[in-house]
Every structure is written in C-alpha cells, then in structure tokens.
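Beneath this line is the structure, given in structure tokens, with notes to follow.
The values are calculated or read from the model by the stated rules, or taken from the named source; none is laboratory data. This one's a predicted model, so the numbers in the text were calculated from it and none came from an experiment. Cβ coordinates were reconstructed from backbone atoms using ideal geometry, including for glycine residues, and neighbour counts include every protein chain displayed.
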Amino acid sequence: MYAVTVLGDVDDATRAIATGLLAGAPPLTAFAAALAWWATGRALRPVTAIRTSLAAVTASELDRRVPDPGGGDEIAQLARTVNDTLDRLERSDARQRQFTADASHELRNPLAAVRSRLEVALAMERPDRASVAAALADTGRLQRIAADLLLLARLDGGPAPRPEPVDLALLAAEDAARRPAPRVPLRLEAPAPVPAYGDLARLERALANLVDNALRYADAGVVVRAAARDGRAVLEVADDGPGIPEADRDRVFERFVRLDADRGRAGGGTGLGLAIAREIARAHGGEVRALGAPGGRGARLELWVPSGRGER
C-alpha cells in the first residue's frame, strides 16, 4: 500500500513559527531581563538603604540606626541584627566614656593631695613626717585605684575565666584566716562543703571585695555564709551597718558609686569593689545582688555561681 501526502502546509507552518520566534525572542528576552532587573532592584533596595545608613555611622553618631523594612524575611532580620549591634556598641561606648570620666575624676583628687603634701614637705627645712606619711597613704590609694582599673579592663575584654573545681566554704574560711584582726568580729557559717566550678583567683577577689565592704560599714560584726541552693553555690555576706536603701540596691554595683562618698574615701574604698565582684560573678554565669537584712538593719550581699561545670 502506498500513501502520498503533501508537506507544503507543514513546511509553511514551521517557517511561520521560526519567523515568529526570531522576531519575538529578542523583545521577550529584553522584557524578561528588564523585569528581573526591576524586581531584583526593588528587592535589594532595603539592602542598599541599610548599607548607606551603616556607612554613615561614625564614632560620634552611634545613635543612628538603619531602616527596618518590616516583615520577617532575611533582609528585615538583617536590619534588626544590625540595629541590635549598634545598640550594644552605643551602650559600650557610653559606658566607656562614663568610666573614663569617673576614673579621671577619682584620680584627680588623690593626685592633687599628693602633690600639695609633697610641695609643703619640700618647702620645709625639715619635712614633717606626718605630711610625708599622708602623701604615702594617698599614693597607696592611687595604687589601689590603678590596680582595680586594670582588673576591670581585663574583666571587660580579657580572656574567659579558667574554671576548676572550687569549694566556696573553704574559700570563705581561707579569706577569714588571712585577715589580721578585723575591726569587728568576722564569723563564718559554712557547715558543709559548697562545690562550685570557676576561677579560684577571681572568686577569691570577689569574696574579698564583699567582705571588705561589709567590714567597712559594720557596727558590731560581719557574717559570711556559704551554702548550696537550687543548683547554685551561694556566698552571702551580711553586716549590721546602716544598710543599703532599696532604691540603690542595683546602683551600688555601678563603678565609682558610693552612697556615702566622704565615708567611702575615708575608709579607703575606691568605689570599684562591688562592681568588680559583679563582673566576676557574671563572667562565671552568676550574679551578685544586694538584699535587705532579715532584722531590718544592715546589708546582705549575695554572690552565686553555678555549682556544676558548664551550667549557665
């Protein structure tokens, strides 16, 4: 069987389709490219705004923020992350500026006192021993301030604590044994070991600062307690002094803060002891807080750190 057909119509249709494609492909391609360019530019416009705003942020204008396009996509999350980072930078810068101003103010007074005492001593034919002794005492105060400033700088940007097993009850007993006849009786209440995990030297310094503060303001005695509570290792230092007003129980841990400035200076305090204790506790994943005394008089400072390794 033989069949014959004419393919002219098919060839004509093929040529028409090819001609149409050749004529329409370039405009369609150009349109698609333009549409993609417009859509991409519109989608990335918030990124450009974020980049421009971030490039305009300077050290003196850390209060500027990048625009938040809203929504929950990746670009909006990027804008919020950038703004959160700028918030932290602004707080850190403000804290550093305040710290520098406070340090300058605290160092100015003892430096002026040392200079005036030495000038008076030099002006005398035979220097007064009392003036030299007072100048030496002011120099010792300067040394303590410088040492505390150095420690705070290390806590702010230094290496993390080197954790090791620590017994806070033993730590408190050793601190009490090292103190040569304190002004008021110092009593230790630690009936059992209190295991913790942290940097021994730093925890010793934090406890010493809390006890020094309590001894400075106590009237008749200071009590140091060590105990384990709810998975935490707790050190509590209580005194029977004037106490800390409830409104100032958080502010007292700020740097160079003294609720009674004249008394603090007379007692040899630098205004940094409690701030150092809080920074040490926070570096261990813990905290220090001021509480009211059970009897209504005095202050109670509580330091806690996690009792196990890696517990935060």
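If I ask for residues that are part of a loop (DSSP other than H, G, I, E, B) and either touching a Gly at 6+ places or on another chain (Cβ under 9 Å) or modelled with pLDDT of 85 or more (or both), which ones from segment 283-294 would you list?
Residues satisfying the conditions are H284, G285, G286, A293.
So A201 passes all but one of these: (1) more than 23 Å from G271 (Cα to Cα); (2) without any contact (Cβ under 8 Å) to a residue 60 or more places away in the chain; (3) surrounded by fewer than 17 Cβ atoms within 10 Å (Cβ to Cβ); (4) under 29 Å from the mean Cα position of the chain (by Cα). Which condition number does it fail?
(1)
Quick one: which of Q143, Q77, Q96 is under 18 Å from E254 (Cα atoms) and part of a helix (DSSP H, G or I)?
Q96
Looking only at segment 217-231, count how many residues are crowded, with 19+ Cβ neighbours inside 10 Å and at pLDDT below 90.
Qualifying residue count, segment 217-231: 2.
Report yes if T100 is of a type in the set (V, I, T), surrounded by 11 or more Cβ atoms within 10 Å (Cβ to Cβ) and assigned by TED's automatic domain parsing to the domain that holds L136, otherwise no. Can you show your working first?
Details: of a type in the set (V, I, T): yes; surrounded by 11 or more Cβ atoms within 10 Å (Cβ to Cβ): no; assigned by TED's automatic domain parsing to the domain that holds L136: yes.
In short, no.
In segment 159-198, what residues are surrounded by 19 or more Cβ atoms within 10 Å (Cβ to Cβ), within 23 Å of the chain's Cα centre (by Cα) and in a loop (DSSP other than H, G, I, E, B)?
P161
Checking the conditions here, which among L210, L235 is surrounded by 15 or more Cβ atoms within 10 Å (Cβ to Cβ), touching a helix residue (DSSP H, G or I) at 6+ places or on another chain (Cβ under 8 Å), touching a residue at least 12 places away in the same chain (Cβ under 8 Å) and part of a helix (DSSP H, G or I)?
L210
Can you tell which of A137, A153, A113, A123 is crowded, with 16+ Cβ neighbours inside 10 Å, without any contact (Cβ under 8 Å) to a residue 60 or more places away in the chain and either closer than 30 Å to P69 by Cβ or small (G, A, S) (or both)? Write out each step before concluding.
Numbers: A137 fails: crowded, with 16+ Cβ neighbours inside 10 Å; A153 fails: crowded, with 16+ Cβ neighbours inside 10 Å; A123 fails: crowded, with 16+ Cβ neighbours inside 10 Å.
Just a single option satisfies the conditions, and that option is A113.
So for segment 112-119 (the condition being assigned by TED's automatic domain parsing to the domain that holds S131, under 30 Å from R255 (Cα atoms) and among the β-branched types (V, I, T)), does at least one residue qualify?
yes
Looking only at residues that are charged (D, E, K, R) and touching a residue at least 40 places away in the same chain (Cβ under 8 Å) in segment 92-110, which one is farthest from L62 (Cα to Cα)?
E106
Output the residues belonging to segment 167-183 that are in contact (Cβ under 8 Å) with a residue 40 or more places away in the chain and aliphatic (A, V, I, L, M).
L168, A169, L171, A172, A176
Would you check if there is a residue in segment 55-69 being within 24 Å of R91 (Cα to Cα), surrounded by 12 or more Cβ atoms within 10 Å (Cβ to Cβ), hydroxyl-bearing (S, T, Y) and not assigned by TED's automatic domain parsing to the domain that holds L86?
Among the residues of segment 55-69, not one is within 24 Å of R91 (Cα to Cα), surrounded by 12 or more Cβ atoms within 10 Å (Cβ to Cβ), hydroxyl-bearing (S, T, Y) and not assigned by TED's automatic domain parsing to the domain that holds L86, which makes the answer no.
Of the residues that sit in segment 295-311 and are loosely packed, with under 15 Cβ neighbours inside 10 Å and closer than 18 Å to D248 by Cα, which one is modelled with the lowest pLDDT?
G296
Do we find that E189 is of a type in the set (D, E, K, R) and either under 21 Å from L272 (Cα atoms) or modelled with pLDDT of 80 or more (or both) in this structure?
It is true that E189 is of a type in the set (D, E, K, R) and either under 21 Å from L272 (Cα atoms) or modelled with pLDDT of 80 or more (or both).
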